[in-house]
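Shown next, in structure tokens, is the structure this report addresses.
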Amino acid sequence: MIVALPIALRRETATTTASRADDRLVILTPHHESIRQEFGEAFAAYWKTTTGRKLHVDWRTPGGTSEIRMVLDAGYKAAAETGRAGIGVDVLFGGGEPDFSNQAKQGRLLPLRVFESHPELFTEEGAIPATFTGERYYPSDHVWVGICMSQFGICYNPEVLKRLHLASPVTWRDLGDPGYAGNLALADPTKSGSVARAFELLVQGEMLRALAEQPNDPPAALADGWAAGLQLIQRMAANARYFTDSASKIPQDVGQGNAAAGMCIDFYGRSYAEDLKSASGMPRVVWIAPRGGTTLSADPVGVLRGAPHPEVAQCFVGFCLSPEAQFLWFGKPGTPHGPQARALHRTPIRRDMYTPENLANSTMPGFHPYEDRGNFTYQRELTGGLFNTLRQLVKVMCIDSHEEMKSAWQVMLAAGMPADALAVFSDVSIMPYAADGKGVPGFDGSDALQTATHAARIGEWFRANYRKAEALARQQPHPEP
């Protein structure tokens, strides 16, 4: 009975084991199990209906986008050395636009046939715009296409904020409030392209704010805004309990009261908001898009060069843009064409999906991204070239020196935030904004030894500043209670 019960209760699946399948599709992805299950099952059923053939979907999940990038780099390097065209993988499914743009620059993505078979989707008035909120949803060479959208924002626990006497956060700046010290959860931008983009948008938001305040001197405004963005990251990092590699850890810790707030991607925030509620039904997790500090970025799909099953791969891309597959992203479980096991809490990229009927059967009935006038518009020319520089800078400025940073912050808090110590702590002059907005060679170069040497030098400079700031704060008379 023990052996037979799981077999009797298991759900019927459309995917077929490799030994019994007529066709196969190999997909490399950072997506979690629920997405893999729903899309694998739905596409296998679609393939069986349209071709009469059984399909086995082979999911490859080495980790986040950083790990996937290393797998692709190593795989294509080995392929070049052995004269092979590909790496035995058909599809890259999920990640950020910067990750796909990087693979495209290296010639690893093939043109997608969906642009020829369904050109009506990509017209000016079509379902998928070329750009939105300053983000690209597909490139001019058509080698990748966004299939859903995502936003990085803030998740918080209302009860914990009440206990700390903190107002609900509205902008990224709110997370720099010293009242969050020891109660903020952040993610490591070197492990995720989406997290790195969130930090980039945070900095760009400060730059645009400075431009609005200093319209007559744009170069000075951009430099001041860049510095203000780095200083905000410092304050947030000083408040942070940790920098995690796990995207789901932050909303989980917030919901359990182990952190007051954190940096969180929308679908994890919405998922935990639904799952974690108090006995009275009140949410333990609330997710918001910080005002003036985030965009709706594309989560793309692409077919890899040398794909062993190119016909199936191209068909999978077309399926991902079909109304049925698009509804999987935000449909309620059990509704027609909705997910079978669990809501995915994602945002479809097709704007014609946001009909009253679809929204009524979705997990976000009042949400229409294309009609949100509060969206932030990303300006690639300001910080796009600094994407990798910024993620490496956060690592050496905040993560590698986190213990020194937190120690200084606590002593400064106890001393009433003395101005001289705060000035040293917030000194980011070693990393000025470049006039052309391009990356720093020491962080972006191909020489690994040079990069490591540069990172060590910058990191030690910040460590020394944090130690000096702590020493200055200790010299201050303790403020009266």
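The values are calculated or read from the model by the stated rules, or taken from the named source; none is laboratory data. Quick caveat, the model's predicted, so the values are computed rather than measured. All Cβ positions, glycine included, derive from the backbone under ideal geometry; neighbour counts span all protein chains shown.
Among (1) more than 20 Å from D99 (Cβ to Cβ); (2) in contact (Cβ under 8 Å) with a residue 24 or more places away in the chain; (3) surrounded by fewer than 24 Cβ atoms within 10 Å (Cβ to Cβ); (4) touching an Asp or Glu at 6+ places or on another chain (Cβ under 6 Å), there is one condition S278 misses while meeting the rest; what is its number?
(4)
All but one of (1) under 18 Å from T294 (Cβ atoms); (2) part of a loop (DSSP other than H, G, I, E, B); (3) not charged (D, E, K, R) hold for Y370; which doesn't?
(2)
Find all pairs meeting these conditions: Cβ atoms under 6 angstrom apart; at least six residues apart or on different chains; first residue within the range 124-142 and within 18 Å of F152 (Cα to Cα); second residue acidic (D, E).
Short answer, once both residue conditions are applied: R136/E97.
For residues that are buried (at least 17 other Cβ atoms within 10 Å of the Cβ) and closer than 14 Å to K468 by Cα, tally how many sit in the range 398-417.
Residues that pass the stated criteria total 8.
Can you tell which of D372, D427 is surrounded by 15 or more Cβ atoms within 10 Å (Cβ to Cβ) and either more than 25 Å from R209 (Cβ to Cβ) or of a type outside the set (A, V, I, L, M, F, W, C) (or both)? Break it down into steps so the answer makes sense when it comes.
On the way: D372 fails: surrounded by 15 or more Cβ atoms within 10 Å (Cβ to Cβ).
That would be D427, the only listed residue that is surrounded by 15 or more Cβ atoms within 10 Å (Cβ to Cβ) and either more than 25 Å from R209 (Cβ to Cβ) or of a type outside the set (A, V, I, L, M, F, W, C) (or both).
Here's a check for you: in the range 144-180, which residue that is among the polar types (S, T, N, Q) and over 19 Å from the mean Cα position of the chain (by Cα) is surrounded by the fewest Cβ atoms within 10 Å (Cβ to Cβ)? Even if it seems obvious, please write down each step before you answer.
Pass one, the range 144-180, residues among the polar types (S, T, N, Q): 150-151, 157, 168, 171.
Checking the rest, the ones that are also over 19 Å from the mean Cα position of the chain (by Cα) come to 157, 168.
Details: N157: 26, S168: 13.
The residue in question is S168.
If a residue must be touching a residue at least 60 places away in the same chain (Cβ under 8 Å) and aliphatic (A, V, I, L, M), how many such residues does the range 73-95 contain?
6
Please pick out the residue among Q450, Q475 that is over 25 Å from L386 (Cα atoms), surrounded by fewer than 16 Cβ atoms within 10 Å (Cβ to Cβ) and at pLDDT 75 or above. Outline the logic, then answer.
Values: Q450 fails: over 25 Å from L386 (Cα atoms).
The match here is Q475.
With the condition kept exactly as written, say whether any residue in the range 183-195 is farther than 22 Å from N157 by Cβ, crowded, with 24+ Cβ neighbours inside 10 Å and not hydroxyl-bearing (S, T, Y).
Within the range 183-195, one or more residues are farther than 22 Å from N157 by Cβ, crowded, with 24+ Cβ neighbours inside 10 Å and not hydroxyl-bearing (S, T, Y).
Checking V411 against (1) closer than 27 Å to D224 by Cβ; (2) over 25 Å from the mean Cα position of the chain (by Cα); (3) in contact (Cβ under 8 Å) with a residue 40 or more places away in the chain, which test does it fail?
Failed condition: (1).
Residues that are closer than 30 Å to K48 by Cβ and aliphatic (A, V, I, L, M): find the helices (runs of 4 or more DSSP H) completely inside the range 216-332 holding 2 or more of those.
Those helices (runs of 4 or more DSSP H) span 310-320, 323-330.
Give me the pairs: first residue in the range 360-371 and free of Cβ contacts under 8 Å to residues at least 24 places away in the same chain, second residue surrounded by 13 or more Cβ atoms within 10 Å (Cβ to Cβ) and not in a loop (DSSP other than H, G, I, E, B), beta-carbon distance under 6 Å, and six or more apart or on different chains, which are they?
Listed by first residue and then by second, the contacts come to P365/L359.
Kindly indicate whether any position in the range 333-349 is assigned to a helix (DSSP H, G or I), of a type outside the set (A, V, I, L, M) and not assigned by TED's automatic domain parsing to the domain that holds A464.
For the range 333-349, residues assigned to a helix (DSSP H, G or I), of a type outside the set (A, V, I, L, M) and not assigned by TED's automatic domain parsing to the domain that holds A464: absent.
Does N388 satisfy the condition of being assigned to a helix (DSSP H, G or I), over 23 Å from T294 (Cα atoms) and in contact with a helix residue (DSSP H, G or I) (Cβ under 7 Å, 6 or more places away or on another chain)?
On the way: assigned to a helix (DSSP H, G or I): yes; over 23 Å from T294 (Cα atoms): no; in contact with a helix residue (DSSP H, G or I) (Cβ under 7 Å, 6 or more places away or on another chain): yes.
It is false that N388 is assigned to a helix (DSSP H, G or I), over 23 Å from T294 (Cα atoms) and in contact with a helix residue (DSSP H, G or I) (Cβ under 7 Å, 6 or more places away or on another chain).
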